[in-house]
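Data block below; observations after.
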Amino acid sequence: MSFEQAVVRLEQTNATLQEEVVRFRDAVMGLSNIYPTITEGRQNTADGRYFSVPGSGAYMRLYRRSGSSASLIAEFPDRAELLALQSQMSGLLSRGVSAGYLSMGSASALLRVSDGIYAARSDFGRYLSPSTSATDNDIDEALPGECGLYAASLPGVFPYSPNDTTTFFWIETQKTYSGASVVQTAYPYTSSISVLNLVARKWTRMASNNRNAEGRRVWGPWVEEFNNHNILGTVSHSGGFTNGAIIEQGSTTGGGRYRKLADGTMESWITTEFTDVGIFGSGTFADPYRSGSRNWDFPQQFVVPPEISYYCSCDSVLATERANMISGRTISTSRLGAFQVYRTTNALGEQLPVKVTLTASGRWRN
């Protein structure tokens, strides 16, 4: 910008400021320039200047003469009006009363402080307060912006819950863009389950922008969000989808430990010890280096026979002492049967213990 342009812009700014100062001065003078009627005020005020007229339900009205007419600029209420409004407002606010939930979000609605957190949501619908348990609200057709406590016995599809005592859900419905498209979030609410479950669990689902032939929303499935409280738990599935935790782990007496994953894979393992491996072994084969046979009942059942791997260790002073698992075993979905171990050498002829760690890898569901 050149110097000349800067000077011109400054002069224009100064001129605008001067006009505003003059307007403000004239308005202030107009409040002191009081007349009993508009006609008398217009007749005694120069064109473009201000005058005031009291009464007629107001403390004062400010006018500006425009030729043969007068334009109302501002109106100041009288003391009686202010006291009446104050009395009305204090009565409402002292009771904590808000406007009806259907009008929440409108410019004229009064909002109690306790409902303030839902004010933004109410621009798209209504806040159900305090509970919908006694009404016939269908959550599948909830209004955008609607949020409240729903009984699981009401119409609509509720989130999956492995706990039958979950009888209430806090559900919020929000508009996503246009048409019937909305998103719902749900949290369990019941006094029968632990605080951790109440805090941790959350489900979400979305509805299509189009409705079906009956005019109802078309919903996707409820999807649970995972966090550090529900990653570990009971793994399960229904209808081809998982509806439990991501990882399940545990053990059984005599069966060892297992780890089950939500993708359908599972691994089980156990460590067992044979003490009869040596020249005094009593195997089913005429081989003094073989152990007797044993069975392993898996801690959890597979859907198809799993793959078996093993590791054997033999405590011995001889570096050549080794132990291996032999073939001839039978594998089903629930058991590894008739397995034995043997030592590849027994130079000293002593009977030594052999530890075997078995691992079964497969699937708990197809």
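No value in this document is a laboratory result; all are computed from the given coordinates. None of these values were measured; they are calculated from a predicted model. Here Cβ is always computed from backbone atoms with ideal geometry, including for glycine, and neighbour counts include all displayed protein chains.
Details
- Candidate lysines - alpha carbon under 20 Å from K202, same-chain residues fewer than 8 apart omitted: K175
- Cross-link partners for K355 among the lysines, with Cα-Cα distance under 30 Å and sequence neighbours closer than 8 places in the same chain left out: K260.
- Pair S66, E4: separation of 7 Å Cα→Cβ label points (nm): 3.9 nm
- Residues with amide H under 5 Å from that of T176, placed H, sequence gap 5 or more: V182, V183
- A full extension of the chain between D47 and S208 corresponds to an added length of 51.6 nm, given 0.36 nm per residue minus the alpha carbon distance.
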